[in-house]
Amino acid sequence: MRLVFLLMLYFFCHLGYSQKSSIDTTNHSYRKELEKMYLQRTSKTTRSFKSISDIKIREEVSKSYIEMNEDFIEKIKKGVFVKDTLYSEFLNEIVQRLAIENTDFPQIKNTKILLSFSDIPNAYAIGDDFIIVTLPLLKSINNEYELAFIIGHEIAHNILSHSYNGLLYYAQTVHSSEIKKQTRAIEKRKYDKGSYASALYKEIVYGKRKNSRKLEQQADSLGFLLYRKAFKGYEHYAIQSLETLDKIDFEKDSLTIADYARFFSTEKLQFKAEWLNNDEISGYKYDKSVKYWLIDSLKTHADCALRTGFMKKEFQIHKTLEKKNTAIFDSVKKNSFYDYILGLFVIEDYGKSLYETLLFLKKEPENSYLKNLVYFNLVKIQEAQKAYTLNRHLDNVNPNYSQSYNRYLSFIRELRKSELNEFISYYSLQL
Amino acid sequence: MKKYFTLLFLFFVSIAFSQVQKLGALSSGQFLDSAIIYEENGEDVWGYLLAYKIDKKSREVYELEYVVLDKNLNKLTSAKFLEGMFDTLLLKFKIELTFVKKIKNQLIIGINDKANNTELAARVYINHRFRTLNLDTFAFSKEFVLEDFKMIDRDYATGTNTTIDDFWNVQQLIKTKGNYLFGFATPAYNPKAVAYVSEQRHKDKITKSIKSFAVLDEKMNIVWKKEINAGDSKIFDEYSYFDSDTDVLLLQKYRHGTKDKEPRSIEIYNLHNGDLIGEMPFLDAKYLIFPDRAEFTKDNVAFYVQLYDNKKMLYEEVVGFSKVIFDKKTGKELNRDHFLWENFKPHLQITNKYGEYDKYGKILPQDFVLLENGNTLIVAEGYKSKRSSEILDLFMVELLPDMSIKYFKKIDKNKISLQNINAAGIELRQYGYFDFLYKQKLNNREEYVFFYANNEREGSKYERRKNPSWVLGIITFVDGEFNYDKLQLTKKASQIIPGKAKKGYVRLIEVGSDDVEMRLEKVNY
């Protein structure tokens, strides 16, 4: 990680472009400050576990909570969460507006909203008044109202203590005398242990997921009420945000052969069409039939169509006011693209960072920030290949990925050592 | 991004609650076995099949699951079914995959029962049975066995027991490197007594009573069949599978009872129609010869054979090897060149004709690659046969078509001492004591990778065993040049186990204290 930061430091010291990342990826004081705040808040929650009378349930809840906290602190230390004035002001303003207009819920003002590097567009609440928003979410939404509803929804999760209640519900379920009795009976069986255990296991997991879907509906309802008070007249954006989320995984652009020919051709090494001839998916057929789990029963969230249907019916939402985006939103959205690809680099997802950078470079072929990111990602890919750890940083082809992404994944691995070296040299000259 | 892969528990997400973990463990599968599925031509990996034991339904009936993965480890399909297994009080068996062969849109999955808790374990493979998977519809067939090349369905239900009568006459199949399977007919003389007493005294009678062998397609139809051992002559042939490619089938033949000078040969058959194309008798004008292995090119098959200059073939008296090239179409011998250990002389100070050099030991080829230009790549290893034999360095050699040396390099390795194992080089190779692992094509050009493993820890035997430092040696032959690289396998918190993967890749299973990560890594060339 140290090397990454040194590289990035070098990277940004040498850039002076308007479309550059403003995020300081080496802000160790922010990490310390955040860790301290996180420990303060969670220790208070840990103390509250004393009120759980059943010792086994208390132990289970406590153990899971500690594990979650350890994972979270590790992320803080790794620099996954970042501080930046532009985003902080924008996100905090939404939270403040929700707090001011919803005085019935004073805890809203305690909300600490964290910005996270990630490869997935997402927002989530973890309890203790923490909400996490990922950078790719910011680049995917259409306006601040959509984001305001999403944040309202996450605040609702915190208000309703869903994180804690979820742990408690699950611990109570698996420690119920009935489940224990059934498990003991299964263990005693000579034959068919697997079938009986499997049925019971499914029952528990489906029950947990069903409960999750119920909690999501609660958060949609309360979240909407909070949002409506703060953003009166723009209620339909709540529905629009769910529609946006529904389409968030659709790839909006792709890399064509011409793009590769443009990006991977130098004086010494001309682009070779054979680099792209390695389709490893279309020769296979993949079985899509349900094998073990009922997919619908496994979902933690109901489908967006169901959620929008429920909201429209429950709250009689109709299309109301339209509003042009603010300058700050436009600025956030624009920067989020650059910071998203930087974030992918920082979290060592070099493959995706390079792919997204190349997609971006199509639109801004002279952008040196992007060319530099191409260079740094290629260097990291080369290092990983030498160490035989490339698969930790570059996805493997997968039938669930787009054709464009799979082609890219094959392409990178198709390059020989000498060819990769040549492209690294080429992009190093662009620094 | 990481493809975490737990070999023991396939299905269940990790959940912190112990009660659920217990249920998850009870209801999930126990890893049984895995097999690599090759493309029809045998050159590249097509995918993998993993077998799990899901449940025990009755004393001899289990619920199994097969999971089929593509060459990038993506799941293609899976299915569960009941499977019977032979079991006795004296011998404990387990189910294992015999082979998995892809032919057109079918996978043919062979399984057998293997005794695993006696000294005989390595030899008891019984109850050979099969299932096919249609790769278009993902339909698994019923299980079946073959008797005299006829399919007999097997059905299992809770409570089914398997007896010796159920499998005594079933045939075992061998996967060829072409689009076919190969098998010998059930011997007409097949006394069950050999299950309890030494097979040796019945051996000739059994061999003589095998009246045919055949090549089968993916539907178990006979493509061609050859009758052998007609009548009750005292002269009879014992065949065994030697090798194959997409065009030819090589069978080793031993003619019993003959007065011929040499009763052994390798017959070359057209794999598609059974025509006998040619034969390579184990004869040479100057040496006794014994085939080591065959390598194939588009037009030719090259036999790499051991050369002996005495009347008896004593393993320690090999004087070199020969490359005997046959035309695959005509079956005619095209060329025969010898390479004697003495030919190493410009590079090694060979002190006798059996390959001794200095006080070092000897060199034994581990594998060969025949290039289209007639050159041969050889990976060889040094060894010293003594009370506790030693495995020494690795040698990469490229020979020109006339068997003169074009390239020679010694790669230093840490010496391995084999406690109380005094054996000849060929025996050490048979038992897998050498460090060389396998070779593989890197791509569709004539570029190859050779892998070996070595414990580089210095110090006492105890120290080397207690704190090993295993490395994977990676030798690539690219653009006509050799390159050398190493990957540390023993790490502070994990151990990496390398394995075969698709062309140009190596499969690494990294076992840590908390998880098992399987990943395909591109060979760095």
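The values are calculated or read from the model by the stated rules, or taken from the named source; none is laboratory data. The shown structure was predicted, so the numbers you read here are calculated from the model rather than taken from an experiment. We place every Cβ from the backbone using ideal geometry, glycine too, and count neighbours over all the protein chains shown.
In a residue-by-residue description of the range A:55-72, the property of being in a loop (DSSP other than H, G, I, E, B), touching a helix residue (DSSP H, G or I) at 6+ places or on another chain (Cβ under 9 Å) and in the same structural domain as A:L222 (by TED's automatic domain parsing) applies to no position.
Listed here are the residues, each with its yes/no results for (1) over 26 Å from the mean Cα position of the chain (by Cα); (2) assigned to a strand (DSSP E or B); (3) not assigned by TED's automatic domain parsing to the domain that holds B:R507; (4) not polar (S, T, N, Q).
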| site | (1), (2), (3), (4) |
| --- | --- |
| B:K362 | no, yes, yes, yes |
| B:R387 | yes, no, yes, yes |
| B:E398 | no, yes, yes, yes |
| B:D402 | yes, no, yes, yes |
| B:A423 | no, no, yes, yes |
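List the helices (runs of 4 or more DSSP H) that sit entirely inside the range A:149-246 and contain at least 1 residues that are hydroxyl-bearing (S, T, Y), within 14 Å of chain B (Cβ to nearest Cβ) and within 19 Å of A:R307 (Cα to Cα). Before the answer, list the steps.
Values: elements: A:162-174, A:177-188, A:193-230, A:236-246.
It comes to A:193-230.
For the range A:282-312, filtering for residues that are in a helix (DSSP H, G or I) and either at pLDDT 85 or above or within 11 Å of chain B (Cβ to nearest Cβ) (or both) leaves 10. Total residues in the range A:120-179 satisfying the condition of being farther than 18 Å from A:S88 by Cα and hydrophobic (A, V, I, L, M, F, W, C): the figure is 10.
Based on what the data block shows, is B:Y125 closer than 22 Å to B:S244 by Cβ and either touching a Ser or Thr at 6+ places or on another chain (Cβ under 7 Å) or surrounded by fewer than 20 Cβ atoms within 10 Å (Cβ to Cβ) (or both)? When the stated conditions are applied, B:Y125 passes them. Residues in the range B:390-424 that are touching a Leu at 6+ places or on another chain (Cβ under 7 Å) and at pLDDT below 95: B:K415 only. One residue stands out among those in the range A:212-261 that are among the polar types (S, T, N, Q) and under 19 Å from the mean Cα position of the chain (by Cα): the one that is surrounded by the most Cβ atoms within 10 Å (Cβ to Cβ), which is A:S241. Scan the range B:101-120 for residues that are at pLDDT 95 or above and not charged (D, E, K, R) and the total you get is 9. In summary, strands (runs of 3 or more DSSP E) completely within the range B:109-189 and bearing 1 or more residues that are of a type in the set (A, V, I, L, M) and within 17 Å of B:T88 (Cβ to Cβ) occur at B:125-134. Would you pick out the residues in the range A:349-373 that are buried (at least 23 other Cβ atoms within 10 Å of the Cβ) and hydrophobic (A, V, I, L, M, F, W, C)? Across the range A:349-373, the qualifying residues are A:L354, A:L370, A:L373.
What is the one condition in (1) away from chain B (no Cβ under 14 Å); (2) touching a Phe, Trp or Tyr at 6+ places or on another chain (Cβ under 7 Å); (3) assigned to a helix (DSSP H, G or I) that A:W275 does not satisfy? Among (1) away from chain B (no Cβ under 14 Å); (2) touching a Phe, Trp or Tyr at 6+ places or on another chain (Cβ under 7 Å); (3) assigned to a helix (DSSP H, G or I), the lone unmet condition for A:W275 is (1).
Looking at B:A493, is it more than 23 Å from B:K409 (Cα to Cα), in contact with a Ser or Thr (Cβ under 7 Å, 6 or more places away or on another chain) and small (G, A, S)? Yes. Annotation: of all residues in the range B:505-525 being acidic (D, E) and assigned to a strand (DSSP E or B), the one that is nearest to A:V397 (Cα to Cα) is B:E521. When the range A:340-369 is filtered for residues that are within 19 Å of A:V80 (Cα to Cα) and polar (S, T, N, Q), only A:S353 remains. Assessment of the range A:69-87 against the conditions (in contact with a Ser or Thr (Cβ under 9 Å, 6 or more places away or on another chain), within 14 Å of chain B (Cβ to nearest Cβ) and modelled with pLDDT of 95 or more) yields at least one matching residue. When residues in the range A:313-347 are screened for being charged (D, E, K, R), touching a residue at least 40 places away in the same chain (Cβ under 8 Å) and either under 17 Å from A:G223 (Cα atoms) or not in a helix (DSSP H, G or I) (or both), 3 of them pass. Got a sec? Which strands (runs of 3 or more DSSP E) wholly within the range B:197-253 have at least 2 residues that are of a type in the set (A, V, I, L, M) and within 26 Å of the chain's Cα centre (by Cα)? Filter on the range B:197-253 gives B:212-216, B:222-227.
Going through the range A:43-54 one residue at a time, which ones are in a helix (DSSP H, G or I), more than 13 Å from A:L167 (Cβ to Cβ) and either within 14 Å of chain B (Cβ to nearest Cβ) or of a type in the set (S, T, N, Q) (or both)? Talk me through it step by step, then tell me what you get.
Going residue by residue through the range A:43-54, those that are in a helix (DSSP H, G or I) are A:43-51.
If we keep only those that are more than 13 Å from A:L167 (Cβ to Cβ) too, we end up with A:43-44, A:47, A:50-51.
Passing the criteria: A:S43, A:S51.
I'd like to verify a number: residues in the range B:70-86 that are more than 10 Å from chain A (Cβ to nearest Cβ), assigned to a strand (DSSP E or B) and either free of Cβ contacts under 8 Å to residues at least 60 places away in the same chain or within 26 Å of the chain's Cα centre (by Cα) (or both), how many? Going through the range B:70-86 one residue at a time, the tally reaches 1. Look at (1) assigned to a loop (DSSP other than H, G, I, E, B); (2) closer than 23 Å to A:R209 by Cα and you find that A:E267 fails only one, number (2). In the set (1) away from chain A (no Cβ under 14 Å); (2) assigned to a loop (DSSP other than H, G, I, E, B), the condition left unmet by B:N444 is number (1).
Looking at this structure, is A:Y65 of a type in the set (S, T, Y) and touching a Leu at 6+ places or on another chain (Cβ under 7 Å)? Lay out the reasoning, then the answer.
Details: of a type in the set (S, T, Y): yes; touching a Leu at 6+ places or on another chain (Cβ under 7 Å): yes.
Taking the combined requirement at face value, the residue satisfies it.
For the range B:427-437, the candidate set comprises residues that are of a type outside the set (S, T, N, Q) and loosely packed, with under 15 Cβ neighbours inside 10 Å; within that set, the residue that is farthest from B:K503 (Cα to Cα) is B:Y431.
Being touching a helix residue (DSSP H, G or I) at 6+ places or on another chain (Cβ under 7 Å) and small (G, A, S) narrows it down to one of B:A493, B:A501, B:A424, B:A453, so name that one. Spell out the reasoning first.
Values: B:A493 fails: touching a helix residue (DSSP H, G or I) at 6+ places or on another chain (Cβ under 7 Å); B:A501 fails: touching a helix residue (DSSP H, G or I) at 6+ places or on another chain (Cβ under 7 Å); B:A453 fails: touching a helix residue (DSSP H, G or I) at 6+ places or on another chain (Cβ under 7 Å).
Answer to the check: B:A424.
Contact map, the range B:383-404: first residue farther than 20 Å from B:G425 by Cβ and in contact (Cβ under 8 Å) with a residue 12 or more places away in the chain, second residue surrounded by fewer than 16 Cβ atoms within 10 Å (Cβ to Cβ) and among the charged types (D, E, K, R), Cβ cut-off under 6 Å, separation 6 or more or different chains; pairs are B:E398/B:K406; B:L400/B:K406.
Considering only residues in the range B:482-504 that are hydrophobic (A, V, I, L, M, F, W, C) and outside any loop (DSSP other than H, G, I, E, B), the one that is surrounded by the fewest Cβ atoms within 10 Å (Cβ to Cβ) turns out to be B:I497.
Just one residue in the set A:E383, A:E422, A:E366 is outside any helix (DSSP H, G or I) and over 21 Å from the mean Cα position of the chain (by Cα); that residue is A:E366.
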